[in-house]
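A.B. asks: Sharing a structure below in structure tokens format, with a few things to ask.
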Amino acid sequence: MRILVIEDEKKIASFIQRGLKEEHYAVDVAYDGEQGLYLAEINSYNLIVLDIMLPGKDGIFICRELRKKAVKTPILMLTARDALEDKVSGLDSGADDYMTKPFAFEEFLARVRSLLRRDAAQTSNVLLVADLELSQLSHKARRSGSEITLSSKEYALLEFLMLHKNEVVTRTMIAEHVWNEAFDSFTNVIDVTVKHLRDKIDTNAVLPLIHTIRGSGYMISEKRP
Ligand code: CA
């Protein structure tokens, strides 16, 4: 599950980011409206946390733009003010829920979970490549019908590969989206996690699905690249 946080107050942004990462969500942060809108348009997120008061383009504008462009990602709006008109214009602009800052992280998390559940119930939440299935709800994988238990990093990596099936994903992309960290120090961790995934998914299978693309990265595909 990947979440975009658009919040210009660095302290609040990092508080939210840290908390969500602890819950094993992949988190991207934008500190202004322009960058937030850009990321929301080019990437696919399961949820957007959107502050209303932002430099440049404000949250209401961003929300309207995204809905105009048929981006249906659930949006949880944040504002420092407890003003009724903010709440009304936020929900009018297409937001799904609303929270007033400051808030307790537990309550925030409960709203996040509820929006993600609602979204998952509306869209198909099982990813498929050949006879490999991955449930985005239970985080369990199945290959030829047998259940495979994954660690949280293995799950996040497999989900990322499956969301990009038949595309090469580089180690940099994996580092950023699965580990949310800079590339350098993570190369080995990525390779080790890929190896564990292969052991679980491909070892006893006739058709290997996870391919190494020499010099580039990895690809999940039922066809040999
Ligand atoms: Ca703000």
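The values are calculated or read from the model by the stated rules, or taken from the named source; none is laboratory data. Small disclaimer: the values here were computed from a predicted structure and weren't measured. Cβ coordinates were reconstructed from backbone atoms using ideal geometry, including for glycine residues, and neighbour counts include every protein chain displayed. Side chains included, ligands, DNA and RNA excluded: accessible areas come from the protein's heavy atoms. Shrake-Rupley method; radii C 1.70, N 1.55, O 1.52, S 1.80 Å.
A.B. asks: Which of the listed residues, 71, 89, 100, is farthest toward the dipole's positive end in the range 2-122, when Lys, Arg count +1 and Asp, Glu count -1 at the beta-carbon?
C.D. replies: The listed residue farthest towards the positive side: 71.
A.B. asks: P(r) for the range 128-225, please, calculated from all Cα pair distances in 10 Å bins and given in %.
C.D. replies: Percent of Cα pairs in each bin: 16, 54, 27, 3.
A.B. asks: Of the cross-linked pairs 68/165; 140/200; 165/223; 10/72; 153/223, which ones have a Cα-Cα span greater than 19 Å in the structure shown?
C.D. replies: Check vs 19 Å cut-off fails for 68/165; 10/72; 153/223.
A.B. asks: Probe 1.4 Å, all protein chains in place: accessible area of residue 113 in Å², nearest 10?
C.D. replies: Here the accessible area works out near 90 Å².
A.B. asks: Once fully extended, how much extra length lies between residue 131 and residue 103, figured as 0.36 nm per residue of separation less the alpha-carbon to alpha-carbon distance? Don't skip to the end; give the middle numbers.
C.D. replies: On the way: separation 28, 0.36 × 28 = 10.08 nm, distance 4.36 nm.
Contour length minus the Cα-Cα distance gives 5.7 nm.
A.B. asks: Can you work out the accessible area per residue across the range 2-122, with the rest of the protein chains kept in place, probe 1.4 Å, in square angstrom?
C.D. replies: Details: 5970 Å² over 121 residues.
The answer is 49 Å² per residue.
A.B. asks: For the range 2-122, with all protein chains present and a 1.4 Å probe, just round the carbon and sulfur fraction of the accessible area to a whole percent.
C.D. replies: 50
A.B. asks: Taking the Cα centre of the range 126-220 as the origin and placing charges on Cβ (Lys, Arg +1; Asp, Glu -1), which of 188, 146, 163 is farthest toward the positive end of the dipole?
C.D. replies: Farthest along the dipole direction, towards plus: 146.
A.B. asks: Highest mean first, what order results for 166-178, 51-63, 135-147 on Cβ atoms within 10 Å? If you can, show how the numbers build up before the last one.
C.D. replies: Numbers: 166-178: 17.2, 51-63: 20.1, 135-147: 14.2.
Result, highest mean first: 51-63, 166-178, 135-147.
A.B. asks: What nm value, rounded to one decimal, do you get for the distance between residue 117 and residue 199 when each label is placed 7 Å out toward the C-beta?
C.D. replies: Here the modelled spin labels are 3.5 nm apart.
A.B. asks: Where does the chain land on the Kirkwood hydrodynamic radius, alpha-carbon pairs, in angstrom?
C.D. replies: Values: mean 1/r = 0.0537 Å⁻¹.
So the Kirkwood estimate lands at 18.6 Å.
A.B. asks: Leaving out ligands, DNA and RNA, and with a 1.4 Å probe, what % of the accessible surface on the range 126-220 is carbon or sulfur? Could the numbers behind the result be given before it?
C.D. replies: Details: 2500 of 4770 Å².
Here carbon and sulfur together make up 53 percent of the probe-accessible area.
A.B. asks: How much of the DSSP beta bridge set in the chain is antiparallel, as a percent to the nearest 5? Working shown, then result.
C.D. replies: Numbers: 16 of 33 bridges.
The answer is about 50 percent antiparallel.
A.B. asks: Keeping every protein chain present and rolling a 1.4 Å probe, give me the accessible area per residue for the range 126-220 in Å². Each step should come with its number before you reach the end.
C.D. replies: Working: 4770 Å² over 95 residues.
Heavy-atom accessible area per residue stands at 50 Å².
A.B. asks: Further, regarding this structure: For Cα pairs less than 8 Å apart in space and 6+ apart in sequence, what is the mean separation divided by the residue count of the range 2-122, i.e. the relative contact order in percent?
C.D. replies: Numbers: 194 pairs, mean separation 27.2, N = 121.
After rounding, I find 22 percent.
A.B. asks: Give me the number: length gained by fully extending residue 222 to residue 8, i.e. 0.36 nm times residue separation minus the C-alpha to C-alpha distance, one decimal in nm. Mind dumping the intermediate values first?
C.D. replies: On the way: separation 214, 0.36 × 214 = 77.04 nm, distance 4.25 nm.
Gain on stretching residue 222 to residue 8: 72.8 nm.
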